[in-house]
Amino acid sequence: PPTACPSPHHPPPPRPSVPAAPLPTLDQLRPGAAVLVAILVYFAAVGMLTNYGGKLGLQSGLSIGMVSSALALANLGALPGSFVAMFAGSAERRRRFLIAVCIIQCLAIGVVLLVSGVTAFGLGFFAIQMSIAIVVPLQVALLVDRDPSGRAIEGLAAMQSVGQAAGPLLGALFITAANVDGAYGLGVACVIVSLLLMTGGVERRPGSSPAA
């Protein structure tokens, strides 16, 4: 049988309104905000380390061809880094991974600064790129784990972009035309500060995986 159409004089009853989600409280936002600041500081370090790599190689006496090849091959460090990051399952294991990898990254920066030769330069930057590939996904997991409001993730891309822009600008205050060591020293400091911010809290989002 044909379906009866509603009469224009008798419109259908209005649908029940859905209440808006309440805004998160400051206590809910604080853990996620701390991780976002850590991401900002870490990406400032990333910006310094990657932007001044070519200049660091040249000041170490390497040819432009050696520097270009070494930095290009160093980017392959992201492959094993991404693979290693898959094994950081629980919140406590991610915390341990972050501590270990940030220490490795700082040591790798020391290698490219203090050890001469194209091999040390290439391996140092390989370790730096591998460390970045491990830390970045762990930061995202940590942000989701720490943020009870579920809204801090929306600021992730902005913190990464602002950090990469701010890093070279800050590093420029610590370099000269002939030497960029100061920017790498500042990069080490940023990695350490970021690590302290990431590992300083223990709050977890309700329903997240417990520490193993």
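The values are calculated or read from the model by the stated rules, or taken from the named source; none is laboratory data. Keep in mind it's a predicted model, so treat the numbers as computed, not measured. FYI the Cβ positions are ideal-geometry reconstructions off the backbone, even for glycines, and counts take in every protein chain you see. Each accessible area value is taken on the protein alone, full model and side chains, heavy atoms only, with ligands, DNA and RNA left out. Shrake-Rupley method; radii C 1.70, N 1.55, O 1.52, S 1.80 Å.
Observations, loosely collected:
- A Förster distance of 22 Å, applied to the separation of the beta-carbon atoms of residue 86 and residue 140, puts the FRET efficiency at 0.95.
- For the stretch 111-144, the residues whose amide N sits under 16 Å from a probe point set 7 Å from the Cα of residue 37 along the beta carbon direction are 143.
- For 66, 48, the ranking by accessible surface with the largest value first comes to 66, 48, using a 1.4 Å probe.
- In this Cβ point-charge picture (+1 for Lys and Arg, -1 for Asp and Glu), the stretch 78-212 has a dipole of about 300 debye about its Cα centre.
- Pairwise FRET efficiency - residue 64 versus residue 162, Cβ, R0 = 35 Å, nearest 0.05: 0.70
- Taking all protein chains into account, the per residue accessible area for the stretch 32-90 stands at 43 Å² (1.4 Å probe).
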